[in-house]
Amino acid sequence: MNNISIPTNNWNTALYEDKHAFVWRYGEDLLTLLNPQPGEDILDLGCGTGQLTEKIANSGAVVRGIDYAAEMIEKARQNYPQLRFDVADATNFQVEQPLDAVFSNAVLHWVKPAADAIACVHQALKPGGRFVAEFGGKGNVQAIATALENALDAIAIPEPQALNPWYFPSIGEYATLLEQQGFDVIHSNLFSRPTPLAGEEAGIANWIQMFASPFLVELSAEQQKQVIRAVEEQLKPTLYRQGNWTADYRRIRIVAIKL
Ligand code: BEZ
């Protein structure tokens, strides 16, 4: 596995499936845009533990899931042994036959070399094949990222912005990259989707531990607790209501056709 393009996260797949099921529940809506047809060859890029891959397979399409995290692929294989899952890098994967569609939910914000991923998707598709993706767009989790950077600054961690692992492009930026590589962008949308977090009072701490660990990786256990407490304090007035946390998600959705 190549970790150059995607920061290392320690994925706890049990916690991911238990407390963060919203990742694929919201993604179900994206399947309507994909509109998979029986017999189509489809790749699920960044399949996680396989829930949406299975839904695509239920349409009668021939689907394969890939993910850079070996622990996600291991769990996906346990969940759906009848389906094919492989460890692969979004910026460096190969397919055996050109595909009808590449689908991707909630993963491309981890891929900073976006042009490399788009080139890979392009080479994987048939002419006329479609790329249907949703991920964090411009302004996504802005309040959480700012609070994390402030908290790291407060304990004298140099350049906390450099620890930020995410890529949240605007429509203009991403559509330009797609067009430059031979795609026709036929649908794009950037929208706010405030996302309730499971775990009540612990919701934001759970989310940070699952999804923002690159910010904390250099810290001692005590410093990590201190940073999480400081983030909670900063965000309480805006993202906490009546015992529950909401994350300030903004999604970008695109459908692009290979010319
Ligand atoms: C997202 O789905 O937008 C997201 C998930 C984890 C980290 C950052 C963003």
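Values quoted throughout were computed directly from the atomic coordinates according to the rules given, and no laboratory measurement underlies them. Keep in mind it's a predicted model, so treat the numbers as computed, not measured. All Cβ positions, glycine included, derive from the backbone under ideal geometry; neighbour counts span all protein chains shown.
A compact table of results
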item	result
Paired Rg and Dmax values of segment 160-201, which use every Cα atom, in angstrom	15.5, 47
Principal semi-axes in Å for segment 145-258 [√(5λ), Cα gyration tensor, largest first]	32, 19, 11
Overall Cα dimensions of segment 37-106 - principal axes, largest extent first, Å	29, 25, 22
Which of 90, 56, 78, positive extreme of dipole for the chain (C-beta unit charges)	56
Segment 219-259: C-alpha gyration tensor shape, a/c 1.5 cut-off, then a/b vs b/c	oblate
Descending semi-axes in whole angstrom, ellipsoid equivalent of segment 126-201, from the Cα gyration tensor	32, 17, 10
Qualifying GluC sites (Glu not before Pro) in segment 162-230, DSSP loop, other Cβ atoms within 10 Å at most 11	218
Surrounding net charge for residue 184, when Lys and Arg each add one and Asp and Glu each subtract one, Cβ distance under 13 Å	+1
Proximal lysines relative to residue 138, as straight alpha-carbon distance under 27 Å, when same-chain residues fewer than 8 apart are discounted	19, 112, 236, 258
Rh (Kirkwood; distinct C-alpha pairs) - segment 24-178, Å	16.6
P(r) of the chain over all Cα-Cα pairs, binned every 5 Å from zero, in whole percent	1, 6, 13, 17, 19, 17, 12, 8, 4, 2, 0, 0
Helix-only mean residue ellipticity at 222 nm for the chain, each DSSP H run of n ≥ 4 adding -39500 (n - 2.57), per residue, nearest 500	-12000 deg cm²/dmol
GluC sites (Glu not before Pro) restricted to segment 90-161 and DSSP loop, no more than 10 other C-beta within 10 Å	96
Projected area, mean over directions - segment 83-161, Cα convex hull, nm²	7.2
Net dipole in debye of segment 111-160 [+1 Lys, Arg Cβ; -1 Asp, Glu Cβ; about Cα centre; nearest 20]	400
Given charges at Cβ of Lys, Arg, Asp, Glu: segment 138-259 dipole, positive-most of 160, 255, 223	255
Rounded tilt (10° steps) of 142-154 against the dominant C-alpha axis of the chain	40
Ratio Rg/Rh [Cα only; Rh per Kirkwood] for segment 196-244	0.97
For segment 65-124: rounded, prolate or oblate by the Cα gyration tensor [a/c cutoff 1.5]	oblate
